[in-house]
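Here the structure is laid out as structure tokens; the discussion comes afterwards.
The values are calculated or read from the model by the stated rules, or taken from the named source; none is laboratory data. Bear in mind the structure is a predicted one, so any value in this text is a computation, not a measurement. No Cβ is skipped: glycine too gets one built from the backbone with ideal geometry, and neighbour counts run over all protein chains shown. The area values use the complete protein model at the heavy-atom level, side chains included, leaving out ligands, DNA and RNA. Shrake-Rupley method; radii C 1.70, N 1.55, O 1.52, S 1.80 Å.
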Amino acid sequence: MGRVTDLVPFSTLLTDEGQALLAALRDYDPAQELAVASRLRREHPVGLVTAALTQARLRQRAVAKFGAADAQRMFFTPNGVEQATRSSVATYRAGRFAALGVRSVADLCCGIGGDAIALARAGISVLAVDRDPLTAEVARANAEALGLAELIEVRCADVTEIDTGAYDAVFVDPARRGGRGRIFDPEAYSPPLSWAIGAARTRPHAALKIAPGIPHEAVPDDAEAEWISDGGDVKEAVLWFGTRPGTVGATLLPGPRSLTGRGLPDPEVRKVGRFLYEPDGAVIRAHLVAEVAEELDGGLIDETIAYITADELRPTPYATAYEITDELPFGLKKLKALLREREVGNLTVKKRGSAIEPEELRRKVKPKGPNAATVFLTRVAGAPTMLIGRPA
């Protein structure tokens, strides 16, 4: 939470002097901060210099989520950078809203405005609400900085007191972090998931952003559940209302490529074939491994492990393929000898169903040589196993 007193140093950044200072700090090196700060304090007020240096650091961190063009014009808080939706994900979601015919959205718990920006760029008018005064002010400044102020109204208020009756849809992104870090109980979100679901049901369409670890049994029957990954990393789950009730899906960005569940039974367990497929994290979280296995004419290596094995190579966007050269019972001596014999120095370690950590394994086997390999520490039909291979 930002305090009202935090608004004073932030407001100085919006002045002509503050904007000029931020422009001058665009490419500054944080390692040189002491020298830069000393030089700038001879020409500018101390408070402004401190605020500008903090903002310059946050903008550099934000490039990964928002891209350089936007990040260097936007404003951030430390929590805002951490918790904001990645622009690729926000753009995809805004596209879904637009495709549903949504023209106005109440964005509840808007943070620094990442989703509001994407919605506005999709031509949707947005009421962006956050109860924290500094965060709301930052969201307002971002709408101005990106030329979207006509489409984004920012309001500092408690979202539970907002009347959303005038909007086609609501989007709720509850706070999932507290003083002790991540919150795993959906009822401990702020506001609680049950409140967000109630708010969603009042409008024709809604989307609720939730943690990807949400249990499937916590998904309401009238919601569509979508797990989203970007560049192979699972980013979030979304509960959609007014779309396809009871549907479960995985969406992979960039693309987008979307896989929808068909309620298939678990794949059979098979002996390890020539190829091993590692499903995307969104596919695993959405419990859609069976759908991918069917597409690949494959089976599982173990009934509890989400690795698919098959005898032939088939292209799929939903899993990464590896050609397996060796299957060994788990044992560091055997692995070390094999890697030495093959002169493997570039070793990628993946694990699923194994207690040993990749860094610990690397330290113990000391890979050395010009060649590369991937080792999977896993279980095959219940037995601890090492599978060695390479990307197919």
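Just give me the residues in the range 36-75 being within 19 Å of residue 142 (Cβ to Cβ), assigned to a helix (DSSP H, G or I) and of a type outside the set (A, V, I, L, M, F, W, C), in sequence order.
Matches in the range 36-75: 54, 55, 57, 59, 60, 61, 65, 67, 70.
Here is a check on your reading of the model: is residue 14 surrounded by fewer than 17 Cβ atoms within 10 Å (Cβ to Cβ) and in contact with a helix residue (DSSP H, G or I) (Cβ under 7 Å, 6 or more places away or on another chain)?
yes
For the subset of the range 288-319 comprising residues that are assigned to a loop (DSSP other than H, G, I, E, B) and among the β-branched types (Val, Ile, Thr), which member is farthest from the chain's Cα centre (by Cα)?
This residue is 304.
In the set 82, 43, 33, which member is in contact with a Leu (Cβ under 8 Å, 6 or more places away or on another chain), surrounded by fewer than 18 Cβ atoms within 10 Å (Cβ to Cβ) and charged (D, E, K, R)?
33
Looking only at the range 339-371, count how many residues are open to solvent by 70 Å² or more (accessible area, probe 1.4 Å) and of a type in the set (A, V, I, L, M).
Residues flagged as open to solvent by 70 Å² or more (accessible area, probe 1.4 Å) and of a type in the set (A, V, I, L, M) within the range 339-371 amount to 1.
Quick one: would you say residue 198 is of a type in the set (Gly, Ala, Ser), part of a loop (DSSP other than H, G, I, E, B) and either touching a Phe, Trp or Tyr at 6+ places or on another chain (Cβ under 7 Å) or on the phi < 0 side of the Ramachandran plot (or both)?
no
Can you pull out the residues in the range 85-119 that are over 21 Å from the mean Cα position of the chain (by Cα) and within 13 Å of residue 152 (Cα to Cα)?
103, 104, 105, 106, listed by residue number.
Within the set of pairs 6 or more residues apart or between chains, which connect a residue that is in contact (Cβ under 8 Å) with a residue 60 or more places away in the chain inside the range 294-305 to a residue that is of a type in the set (Phe, Trp, Tyr) with Cβ atoms less than 6 Å apart?
So the pair list comes out as 301/307.
With the checklist (1) over 13 Å from residue 93 (Cα atoms); (2) in contact with a strand residue (DSSP E or B) (Cβ under 9 Å, 6 or more places away or on another chain); (3) not hydrophobic (A, V, I, L, M, F, W, C) in hand, flag the one item residue 198 doesn't pass.
In the conditions (1) over 13 Å from residue 93 (Cα atoms); (2) in contact with a strand residue (DSSP E or B) (Cβ under 9 Å, 6 or more places away or on another chain); (3) not hydrophobic (A, V, I, L, M, F, W, C), residue 198 misses (2) alone.
Looking only at the range 86-123, filter to residues that are crowded, with 23+ Cβ neighbours inside 10 Å and β-branched (Val, Ile, Thr); which one of those is nearest to residue 165 (Cα to Cα)?
Step by step, filter the range 86-123, then rank; the result is 105.
Could you look through the range 142-165, keep only residues that are among the small types (Gly, Ala, Ser) and free of Cβ contacts under 8 Å to residues at least 12 places away in the same chain, and pick out the one that is surrounded by the fewest Cβ atoms within 10 Å (Cβ to Cβ)?
147
List, please: which pairs have Cβ atoms under 6 Å, are six or more places apart or on different chains, and start with a residue in the range 27-44 that is in contact (Cβ under 8 Å) with a residue 40 or more places away in the chain and farther than 25 Å from residue 69 by Cα and end with one that is open to solvent by 80 Å² or more (accessible area, probe 1.4 Å) and in a helix (DSSP H, G or I)?
Listed pairs, sorted by first residue: none to list.
Within the range 17-30, track down each residue that is surrounded by 13 or more Cβ atoms within 10 Å (Cβ to Cβ) and part of a helix (DSSP H, G or I).
Within the range 17-30, 17, 18, 19, 21, 22, 24 meet the criteria.
Which one of these is at pLDDT 90 or above, over 30 Å from residue 123 (Cβ atoms) and among the aliphatic types (A, V, I, L, M): 84, 62, 51, 90?
Every option except 51 fails the conditions.
Just one of 231, 255, 273 is over 27 Å from residue 375 (Cβ atoms) and either out of contact with any helix residue (DSSP H, G or I) (no Cβ under 6 Å at 6 or more places or on another chain) or of a type in the set (Asp, Glu) (or both); which is it?
The unique qualifying residue is 255.
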